[in-house]
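Here the structure is laid out as structure tokens; the discussion comes afterwards.
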Amino acid sequence: MSKVRVLVGTRKGAFILTSDGKRKDWKVDGPHFAGWEMYHLKGSTADPNRLYASQTSSWFGQIIQRSDDGGKTWFQPGTPPGETTGPGGMPKGESNKFVYDSANAPLTTHQWYDGTQHPWEFKRVWHLEPSLSDPDTVYAGVEDAALFRSTDGGKSWHELSGLRGHGTGPNWQPGAGGMCLHTIILDPKDPKRIFIAISAAGAFRTDDGGKTWKPINRGLYSQYIPDPKAEVGHCVHHIAMNASRPGVLFMQKHWDVMRSDDAGENWHEVSGNLPTDFGFVIDVHAHEPETIYVVPIKSDGEHFVAEGKLRVYRSRTGGNEWEALTNGLPQSNCYVNILRDAMAVDSLDSCGIYFGTTGGQVYCSADAGDTWSPIVRDLPAVLSVEVQTIA
Amino acid sequence: MKAGPIRVVLPPHLRALAHVDSEIQLEVNGPVTIRSVVDAVEASYPMLRGTIRDHVTGERRPFLRFFACSEDLSHESADSPLPEAVASGVEPLLIVGAIAGG
């Protein structure tokens, strides 16, 4: 029987939640890496027991953790357990090391909050995206914005510097959370095509495996930047895609929910009747590519749900027409946020939807959003939620 | 100068990463300085590389400090000799995380 494994990153550790296909009874395992900020954990689709995790701290910097047994045990891939010296004196501890490739893309500057130029400085890994075919290949989206790749199971990391070296770099700027590359989408039908998104630069696409990148922000309109229709500078919060239709993308921008039907070449707004179109998460039903989910947040100044009500909104028409999903969610005195990587869907026949809140709740709907129940209520603030459907 | 075992106290999170329960002891060849001691820490516990000093610049991470013999050595040159009590193993070098919380 199928089961699901939910990987939860929080401000103070990681948790692994498992259940069978009914998704009623849950086992909660954790905290792993207690006390550390766990920005993201994600499993490989090629080998579901291979998990990668971003462990980070303002004190101690960036650590990459890997599990080869579905999260039971973890190790730093640059330094396997019990191994303190490498063969031939090879340097170890390399999996912690994210160094910009200044040989191929000089370390330029980006725009700081006050409009002055500021040097690129590595801070942390926001998102890990394992290859769809090779468990040892994984991409990392980092702050300050850049894309790295490991092809040796996370032991060493190398920047795909064409992105950071894009000529528009001096116009990129940090959002409130920092200048982070937070979204990485691998095209299942074209291994050379990758979509990424940066706050606040916008969305970019490569069609040559990461050598060159193109901004794909036409149609975005952002009143908070000097030129609302600029090529870059938009605060894209998250992008989602259904694997069966790689050319169709859905975006939650700072404000506005957007849609593209041509791989990001053109976007149009599908906010429709949403009560507010500010938000962070967006996701697509596993089997119905026109069914999408968002959680509207009151405003950019008030990062919590509106009216004290936690409402997921679902559109079955690819946007514009939205319905509030509230059954099982608190409808009074609720003031949580749902951060950009904190929603996921499973691929069971009855599609499960999951999201985590800054209040530490992780909710599950086993019926595509019609009804909800909390898996856990009192974790640290949730930064990310991913789910694996395991046969 | 061949020093005796150097004692180093790591902050709890780094102890967890290094899989050690208490203070660590290290051999350091040559002058006993912040740099040589942290080099020895990283050689014995490579999973800590980048957690005490920046990978690229080699500078102390800003939220960490070095103390020994009730002195704050955080702003001393990394190549200054550490106190004799540290070099002889009588006192530990303390690597301390900045206080978090109120």
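The values are calculated or read from the model by the stated rules, or taken from the named source; none is laboratory data. Because the structure is predicted, anything quoted here is derived from the model rather than measured. Positions of Cβ are backbone-derived with ideal geometry, glycine not excepted, and every protein chain shown enters the neighbour counts.
Of note:
- Per the listing A:ARG218, A:ARG205, the residue uniquely under 19 Å from A:THR168 (Cα atoms), modelled with pLDDT of 95 or more and not in a loop (DSSP other than H, G, I, E, B) is A:ARG205.
- Applying the criterion of being among the small types (Gly, Ala, Ser) and part of a strand (DSSP E or B) to the residues of the stretch A:1-53, the residue that is nearest to A:ILE338 (Cα to Cα) is A:GLY9.
- When B:CYS69 is tested against the conditions (1) touching a strand residue (DSSP E or B) at 6+ places or on another chain (Cβ under 9 Å); (2) surrounded by 12 or more Cβ atoms within 10 Å (Cβ to Cβ), the lone failure is (1).
- Test: A:VAL28 is of a type outside the set (S, T, N, Q) and crowded, with 20+ Cβ neighbours inside 10 Å: no
- Residues (farther than 13 Å from B:GLY97 by Cα and either under 12 Å from the mean Cα position of the chain (by Cα) or at pLDDT 95 or above (or both)) located in the stretch B:50-68: B:ALA68
- Count - residues of the stretch A:304-349 that are in contact with a Leu (Cβ under 8 Å, 6 or more places away or on another chain), hydroxyl-bearing (Ser, Thr, Tyr) and surrounded by fewer than 20 Cβ atoms within 10 Å (Cβ to Cβ): 1
Residue-wise test of (1) within 24 Å of A:PRO215 (Cα to Cα); (2) free of Cβ contacts under 8 Å to residues at least 12 places away in the same chain; (3) part of a loop (DSSP other than H, G, I, E, B).
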| site | (1), (2), (3) |
| --- | --- |
| A:ARG259 | yes, no, no |
| A:LEU274 | no, no, yes |
| A:VAL281 | yes, no, no |
| A:TYR293 | no, no, no |
| A:PRO296 | no, no, no |
| A:GLY301 | no, yes, yes |
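- Among the residues of the stretch A:122-160, the ones that are closer than 19 Å to B:GLY50 by Cα and among the polar types (S, T, N, Q) come to 2 in all.
- Residues that are farther than 19 Å from A:SER102 by Cα and at pLDDT 95 or above number at least 1 in the following strands (runs of 3 or more DSSP E) confined to the stretch A:120-185: A:124-130, A:138-143.
- Per the listing A:GLY233, A:GLY210, the residue uniquely at positive phi and in contact with a Ser or Thr (Cβ under 8 Å, 6 or more places away or on another chain) is A:GLY233.
- Sub-9 Å Cβ pairs linking a first residue in the stretch A:236-257 that is within 22 Å of A:PHE278 (Cβ to Cβ) to a second residue that is outside any strand (DSSP E or B) and β-branched (Val, Ile, Thr), at least 6 apart or interchain, are A:MET241/A:VAL248; A:LEU249/A:ILE216; A:PHE250/A:VAL270; A:TRP255/A:THR276; A:ASP256/A:VAL270; A:VAL257/A:VAL270, ordered by first then second residue.
- Test: residue in the stretch A:273-281 that is surrounded by fewer than 23 Cβ atoms within 10 Å (Cβ to Cβ), under 28 Å from A:ARG377 (Cβ atoms) and among the β-branched types (Val, Ile, Thr): yes
- Residues in the stretch A:64-82 that are buried (at least 21 other Cβ atoms within 10 Å of the Cβ), without any contact (Cβ under 8 Å) to a residue 60 or more places away in the chain and either among the basic types (Lys, Arg) or touching a helix residue (DSSP H, G or I) at 6+ places or on another chain (Cβ under 6 Å) (or both): A:GLN76, A:THR79.
- Residue list for the stretch A:92-107, restricted to those being exposed (fewer than 15 other Cβ atoms within 10 Å of the Cβ) and either of a type outside the set (A, V, I, L, M) or assigned to a helix (DSSP H, G or I) (or both): A:ASN104, A:PRO106
- Output for the stretch A:362-391, where each listed residue is aliphatic (A, V, I, L, M), more than 20 Å from A:GLY70 (Cβ to Cβ) and part of a strand (DSSP E or B): A:VAL382, A:LEU383
- When restricted to residues that are of a type in the set (Asp, Glu) and under 18 Å from the mean Cα position of the chain (by Cα), the stretch A:1-44 contains 1.
- Once the stretch A:45-63 is narrowed to residues that are crowded, with 19+ Cβ neighbours inside 10 Å and over 17 Å from B:ARG61 (Cβ atoms), the residue that is farthest from the other protein chains (Cβ to nearest Cβ) is A:ARG50.
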